[in-house]
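Note sheet for the following structure.
Where a number appears in this text, it was derived from the coordinates with a stated rule and is not lab data. Treat the numbers as computed from the prediction; the structure is a model and nothing was measured. Every residue, glycine as well, gets a Cβ built from its backbone with ideal geometry; the counts of neighbours run over all protein chains shown.
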Amino acid sequence: MGGKQLNIATQLVHAGERLGLPAALPVSTPIYASSTFTYGSMADVDKVFSGEMPGYVYTRYANPTLAALESAMHALEGGFAASAFGSGMAALHAALLACDIAPGVTVLASQDLYGATIGLLNTVFASFDVNTITTDYSDLGELERKARETRPRIMIAETISNPLLKVCDLARSAEIAHAVGARLIVDNTFATPYLCRPLELGADVVVHSATKYIGGHGDVMGGIVIAREEPQHNALRSIMKLAGGIMSPYDAHEILRGLKTLALRVERQCANAQTIATKLSADRRVARVHYPALATGDARRVLERMLRPHHAGAMVAIEIANNTREGAFRFMDALRLVVRSTSLGDVFTSAMNPATSSHRDVAPARRRALGITDGLVRLSIGIEHVDDILADLDQALDASAA
């Protein structure tokens, strides 16, 4: 600037910016709260845009904070690479697109999927002539028959289903998918990479709602997609750039911080869930308890092959004895410690009624056919002392029977 003193209005804009990186390496990833990046010359800018030189140009394309989270999730899940999106549903939408969903294509989906996933398939994608067929992934014979009959391009399941907590045989499902030329997408939200790594079992793409256990503290939203192969990853990056459903650097920082305690949290949550499920299964005020560790026969063997040994997840679903909406509401309204929450996977224990929340838009007859009763309550078990959780559930069950 030729040494000329800049006007204070100009100084206010530029003072303190672009001072360069410190020699010291931060022990925690910083929040790179910048939408754009600059370089020393246009030649460098050109090289970064062309891919000749590594770097960042625009946060919709990539950002150092997001890259740190993506690197961590890639390390945990394996595969080719991970991509971070603004929500779990944005991640799932991108995963479907990356697997070449297109007009005329058939998707063979688990009948036990999260309600919004079925909604995405039956509304957004159905309007583009995508045909979604649902089937019971726990019946492998029927799954194989349906796959051969419908020749789907995509199959989609959850490691642990929402809300009835069925553990999917991912290895066999992947074999069935690949035998008919389909790609298997697995929603691993309930299991997390601590309990299951679906890519090692044959899945092609893994999706997480990082809003849940990955973040773990009820204060952030995000989604992660991990692709087994480079073509799907490249498609995901293209979708991210063009559709713009990216995660913010602030959310990426919070999720990366939450990820550091995932093992500690899930260990405590699984232990608490096992104790609670066991006690409630013997309680006459509860008609039924859904929890993978209570399964027998083939379902038990699938659990033992799919999840970390001696772990069955941190979700417990119960049917109140009278199995009515009114009974469920009385139970939930009486809770004092357990939080009535529309999400899950947080450090605190929470409860929700799927019939009026996650599966509200599913026709009542369809809900009943799936086993999602009006009196079903889904519990996301937290890290509190288990005796305190049990005491609150006990007094709420008394209220539900009043």
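Remark: the range 237-251, residue by residue, has Karplus-estimated 3J(HN,Hα) of 5, 5, 4, 4, 5, 7, 8, x, x, 7, 7, 7, x, 5, 5 Hz, where x stands for each Gly or Pro and the curve is 6.51 cos²θ - 1.76 cosθ + 1.60 at θ = phi - 60°. Residues whose amide H falls under 5 Å from that of Thr132, counting only those 5 or more places apart or on a different chain, are Val107, with hydrogens built in the peptide plane. What the pair-distance distribution of the range 23-174 shows, using all Cα-Cα distances binned every 5 Å from zero, is 2, 7, 13, 15, 15, 13, 9, 9, 7, 6, 3, 1, 0 percent. Using only Cα atoms, tell me the angle between helix 325-334 and the longest principal axis of the chain; keep it within 0 to 90° and round to the nearest 10. Here the helix axis deviates by roughly 60 degrees. Note on the range 140-198 and the range 106-139: Cα centroid distance 13 Å, given to the nearest whole angstrom. Under 5 Å between amide hydrogens, which residues at least 5 positions from Ala82 or on another chain qualify, with H placed 1.01 Å from N in the peptide plane? Sorted by chain and number, the residues that satisfy this are His74. When His93, His208 are arranged by Cβ crowding within 10 Å, least crowded first, meaning fewest neighbours, the order is His93, His208. The region of the chain that goes longest without hitting one of the GluC sites (Glu not before Pro) in a DSSP loop, each with at most 15 other Cβ atoms within 10 Å, is 53-228.
Taking Ala210, Ala98, Ala282 as the candidate residues, the one with maximal mean-square fluctuation in a Gaussian network model of the chain, Cα springs under 10 Å, is Ala282. Any chance you could give the angle, 0 to 90 degrees and rounded to 10, that helix 297-306 forms with the longest Cα principal axis of the chain? Helix 297-306 and the main axis of the chain meet at about 20 degrees. In this rough spin-label picture, where each label sits 7 Å from Cα along the Cβ direction, the Met53-Tyr250 distance is 3.2 nm.
For the chain, DSSP calls about 60 percent of its internal beta bridges antiparallel. For a test of the definition: using alpha carbon positions, the gyration tensor, and the 1.5 limit on a/c, classify the range 107-167 as rounded, prolate or oblate. Taking the square roots of the gyration eigenvalues as a ≥ b ≥ c, the range 107-167 is oblate.
Of the cross-linked pairs Lys212/Lys241; Lys146/Lys166; Lys146/Lys260; Lys166/Lys241; Lys146/Lys212, which ones have a Cα-Cα span greater than 30 Å in the structure shown? Violating the 30 Å Cα-Cα cut-off are Lys146/Lys260; Lys166/Lys241; Lys146/Lys212. Annotation for the range 332-359 versus the range 66-104: alpha-carbon center distance of 27 Å. A dipole drawn for the range 262-400 from +1 and -1 charges on Cβ atoms has a positive end, and of Ala293, Val362, Leu280 the residue lying farthest that way is Val362. The simple Förster model, with R0 at 30 Å and r as the Cβ-Cβ distance, assigns Glu304 and Lys241 a FRET efficiency of 0.10. With the simple spin-label model, which puts each label point 7 Å out from Cα in the Cβ direction, the Gln395 to Ala179 separation comes to 5.4 nm.
Expressed in Å, the radius of gyration and Dmax of the Cα atoms of the range 69-143 are 14.2, 39. Once the chain from Arg18 to Glu142 is taken as fully extended at 0.36 nm per residue, the excess over their C-alpha distance is 38.6 nm.
Taking only the C-alpha atoms of the range 242-389, the Rg (one decimal) and the largest Cα-Cα distance, Dmax (whole number), read 16.9, 55 Å. Taking the Cβ-Cβ separation of Arg336 and Thr261 as r and a Förster radius of 25 Å, what is the calculated FRET efficiency to the nearest 0.05? Computed FRET efficiency for Arg336 and Thr261: 0.45. Let's test the formula: R0 of 35 Å, r as the Cβ-Cβ distance of Thr296 and Ala126. What FRET efficiency results, to the nearest 0.05? Step by step, r from the Cβ atoms, then E = 0.40.
For the chain, the Kirkwood estimate of hydrodynamic radius, built from reciprocal distances between every pair of different alpha carbons, is 22.7 Å.
Distance between the pseudo-spin-label points of Asp219 and Gln11 (7 Å out from Cα toward the beta carbon): 3.7 nm.
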